[in-house]
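Report on the following structure.
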Amino acid sequence: MIVKSKTKPLLMHQLEALLNRIPDNHSKRRFIEEDYAKQKAGYTGERSLEYHLSYLPEKDYYIFHDLRLSAGKHYFQIDILILTPFFISILEVKNISGSLYINSAFTQLVRTIEDKEEGFPDPVRQVKRQAYHLKSWIEDQKFPVPPIEPLVVIGNERSVIKFDPRDKINPQLVIPSSEIPYKIN
């Protein structure tokens with residue numbers, strides 16, 4: 001059952017409004033368009049998961065989108081949290097196209113598309129940090145902590161996901177979106 005639905009982020013609305021008002025030749029327009037494209041890709045990736053999540057039995061799963069919780073003086077954000085009677089799963093969604101190489105040694109994701117490489121923060125490290133913060137948050141609420149299963153979900157099913165062959169841990173935490181109903185059960 002979806003308890004907290006996915007909604008269009010306020011920042012996307014703000015960037016859309018700005019793009020409608022700023023002249024095409026403005027020196028900052030390209031940067032605003034890039035920010036908007038990233039926001040839109042993330043939103044689209046998370047929305048695309050709704051289909052896959054719909055295969056989970058409603059009576060056994062509670063789904064929360066876009067949680068923002070306080071961890072002391074800091075906040076942490078979770079794309080999708082799935083609560084079951086037996087465990088909690090945190091889904092960090094990445095809707096990135098191209099060939100994706102998750103490099104645990106340098107804690108980064110490297111995307112190659114049209115022979116151009118681009119670096120992103122390591123999503124595995126990010127979801128592990130979210131699991132750590134969630135565990136601390138649950139402890140602060142004086143609840144027993146169930147097992148927490150972090151997963152990175154690659155929303156673009158056409159992406160190619162690669163790892164260093166010596167990496168035995170991270171490949172178990174990264175899945176294509178089509179694997180959600182099977183990996184969560």
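The values are calculated or read from the model by the stated rules, or taken from the named source; none is laboratory data. It should be emphasised that the depicted structure is a prediction, and the values quoted were computed from it without experimental measurement. Counting neighbours? That spans all protein chains shown, and the Cβs are built from the backbone with ideal geometry, glycine included. Only protein heavy atoms, including side chains, enter the accessible area calculation; ligands, DNA and RNA are left aside. Shrake-Rupley method; radii C 1.70, N 1.55, O 1.52, S 1.80 Å.
So here's what we get for this one:
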| item | result |
| --- | --- |
| Residue within the stretch 103-120 that is outside any helix (DSSP H, G or I), in contact with a Leu (Cβ under 7 Å, 6 or more places away or on another chain) and over 22 Å from ARG158 (Cβ atoms) present | no |
| Identity of the residue in the stretch 97-109, surrounded by 21 or more Cβ atoms within 10 Å (Cβ to Cβ) and touching a residue at least 60 places away in the same chain (Cβ under 8 Å), that ends up nearest to ARG129 (Cα to Cα) | ILE102 |
| Which listed residue is in a loop (DSSP other than H, G, I, E, B) and either open to solvent by 60 Å² or more (accessible area, probe 1.4 Å) or in contact (Cβ under 8 Å) with a residue 40 or more places away in the chain (or both), from LEU56, LEU49, LEU67, LEU18 | LEU56 |
| Among (1) acidic (Asp, Glu); (2) touching a residue at least 40 places away in the same chain (Cβ under 8 Å); (3) part of a loop (DSSP other than H, G, I, E, B) - the single one GLU149 does not satisfy | (3) |
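Rundown of residues vs (1) aliphatic (A, V, I, L, M); (2) touching a strand residue (DSSP E or B) at 6+ places or on another chain (Cβ under 6 Å); (3) farther than 30 Å from PHE163 by Cα, yes/no style:
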{"site": "GLN14", "(1), (2), (3)": "no, no, yes"}
{"site": "ARG21", "(1), (2), (3)": "no, no, yes"}
{"site": "ARG30", "(1), (2), (3)": "no, no, yes"}
{"site": "ALA41", "(1), (2), (3)": "yes, no, no"}
{"site": "GLU50", "(1), (2), (3)": "no, no, no"}
{"site": "LEU56", "(1), (2), (3)": "yes, no, no"}
{"site": "GLY72", "(1), (2), (3)": "no, no, yes"}
{"site": "GLU92", "(1), (2), (3)": "no, yes, no"}
